[in-house]
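Peer 1: Before I ask anything, let me first share the structure, which is written out below as structure tokens.
The values are calculated or read from the model by the stated rules, or taken from the named source; none is laboratory data. Predicted model only: the values in this text are computed from it and were never measured. Here the Cβ positions follow ideal geometry from the backbone for every residue, glycine too, while neighbour counts run over all protein chains shown.
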Amino acid sequence: MTQAPRKGVDMISRGVKQRTMSGIATFVTLRLADPFIQYALLYGPSRSVEDNSDFEPKERTSLITGRSILLAMSVISMLKQNYHMLFVMQEDMTPRAAAIIGAVNFLLNSMNSLLFLRKSRKHSIWLALGSKLVPVRVALGSILFAVGIVFEWLSEVQRAAWKAKTENRGQVYARGLFSLSRHINYFGYTLWRSGYTLAGGGGLWSAIVAGFFVYDFNWRGIPILQRYMKEKYGEKSNWHKQVVPYKFVPFVW
């Protein structure tokens with residue numbers, strides 16, 4: 001079958017199962033470095049005593065702080081993405097694509113850290129968690145982050161386990177979380193990335209980042225993947241759309 005020309009840039013070499021160690025090493029190394037960079041930004045020696053807490057002075061000894069939550073988001077997202085690269089993903093990723101993805105993650109996470117430090121000097125609406133206080137945006141962002149990271153990670157693990165079975169080769173996966181939307185992993189990524197930016201930079205920054213990824217996935221990533229599935233699965237791709245009518249947001253879109 002003659003493949004139609006692809007529009008847009010795909011960071012993954014679809015259908016290429018022979019993975020290159022250079023691409024894997026580039027991705028894993030760049031993602032491993034991110035939490036250390038975020039720690040330096042959030043807790044670096046240049047931070048004065050006055051800026052070394054995200055709470056009012058009386059809450060400075062709190063164990064739950066906005067900074068520790070942001071750092072945890074950096075660590076968790078790194079672990080999730082490196083796990084996917086090492087144990088779930090089958091297609092090849094070039095060193096160039098790995099470097100671009102690593103750079104995007106670094107830039108977004110660093111913006112979150114820097115914006116958080118700037119906003120921590122301003123008045124925040126606080127939410128009581130037991131005897132601790134956290135900014136409301138951090139609490140809400142943490143919920144979005146947790147839901148999104150579970151959606152993305154679990155959906156991809158479920159699909160990989162199903163595809164690993166010999167009897168499922170050549171079939172389209174429409175079970176588990178992927179029965180809710182055809183690209184539930186993209187939706188999950190958008191959720192956790194939006195939650196991370198909400199915790200770091202607030203509502204406007206979160207809306208900008210969420211809008212970018214909604215646009216990027218729906219007008220670049222998903223069309224590329226749909227064309228690939230049409231080429232690989234033929235009429236089964238049409239069956240997939242009928243069985244799972246929502247392409248991005250479950251029960252909505």
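Peer 1: Could you tell me how many of the residues in the stretch 200-253 are outside any loop (DSSP other than H, G, I, E, B) and either hydroxyl-bearing (S, T, Y) or on the phi > 0 side of the Ramachandran plot (or both)?
Peer 2: Matching residues across the stretch 200-253 total 5.
Peer 1: If you don't mind, another one. Write out, first by first residue and then by second, each pair whose Cβ atoms fall under 9 Å of each other, whose residues are 6+ apart or on separate chains, and whose first residue, in the stretch 165-176, is surrounded by 12 or more Cβ atoms within 10 Å (Cβ to Cβ) while the second is among the β-branched types (V, I, T) and assigned to a loop (DSSP other than H, G, I, E, B).
Peer 2: Note: pairs meeting the criteria are A174/V244.
Peer 1: Out of the stretch 72-86, which residues are in contact (Cβ under 8 Å) with a residue 24 or more places away in the chain and either touching a strand residue (DSSP E or B) at 6+ places or on another chain (Cβ under 9 Å) or not small (G, A, S) (or both)?
Peer 2: M73, V75, I76, M78, K80, Q81, N82, Y83, H84, M85, L86 - these are the residues of the stretch 72-86 that are in contact (Cβ under 8 Å) with a residue 24 or more places away in the chain and either touching a strand residue (DSSP E or B) at 6+ places or on another chain (Cβ under 9 Å) or not small (G, A, S) (or both).
Peer 1: Determine if the stretch 81-93 includes at least one residue that is modelled with pLDDT under 95 and polar (S, T, N, Q).
Peer 2: Within the stretch 81-93, one or more residues are modelled with pLDDT under 95 and polar (S, T, N, Q).
Peer 1: Output the number of residues of the stretch 18-44 satisfying the condition of being β-branched (V, I, T), assigned to a helix (DSSP H, G or I) and more than 20 Å from F116 (Cβ to Cβ).
Peer 2: Quick first cut of the stretch 18-44, residues β-branched (V, I, T) only: 20, 24, 26, 28-29, 37.
With assigned to a helix (DSSP H, G or I) added as a condition, the list becomes 24, 26, 28-29, 37.
Checking which are more than 20 Å from F116 (Cβ to Cβ) leaves us with 24, 26, 28-29.
Summing the residues that are β-branched (V, I, T), assigned to a helix (DSSP H, G or I) and more than 20 Å from F116 (Cβ to Cβ) in the stretch 18-44 gives 4.
Peer 1: Just give me the residues in the stretch 157-178 being of a type in the set (G, A, S) and in a helix (DSSP H, G or I), in sequence order.
Peer 2: Taking the stretch 157-178 first, the residues of a type in the set (G, A, S) are 160-161, 164, 170, 174, 176.
Within the stretch 157-178, A160, A161, G176 meet the criteria.
Peer 1: Sticking with this one: Could you check K247 against (1) in contact (Cβ under 8 Å) with a residue 60 or more places away in the chain; (2) touching a Gly at 6+ places or on another chain (Cβ under 8 Å) and say which number it fails?
Peer 2: The failed condition is (2).
Peer 1: Just one of (1) touching a helix residue (DSSP H, G or I) at 6+ places or on another chain (Cβ under 7 Å); (2) modelled with pLDDT of 95 or more; (3) more than 30 Å from K119 (Cα to Cα); (4) hydrophobic (A, V, I, L, M, F, W, C) trips up A210, so point out which.
Peer 2: (3)
Peer 1: Do you know which residues across the stretch 179-192 are under 17 Å from D216 (Cα atoms), part of a helix (DSSP H, G or I) and out of contact with any helix residue (DSSP H, G or I) (no Cβ under 6 Å at 6 or more places or on another chain)?
Peer 2: Within the stretch 179-192, just F187 meets the criteria.
Peer 1: Looking only at residues that are under 26 Å from F248 (Cβ atoms) and modelled with pLDDT of 95 or more in the stretch 107-139, which one is surrounded by the fewest Cβ atoms within 10 Å (Cβ to Cβ)?
Peer 2: L107
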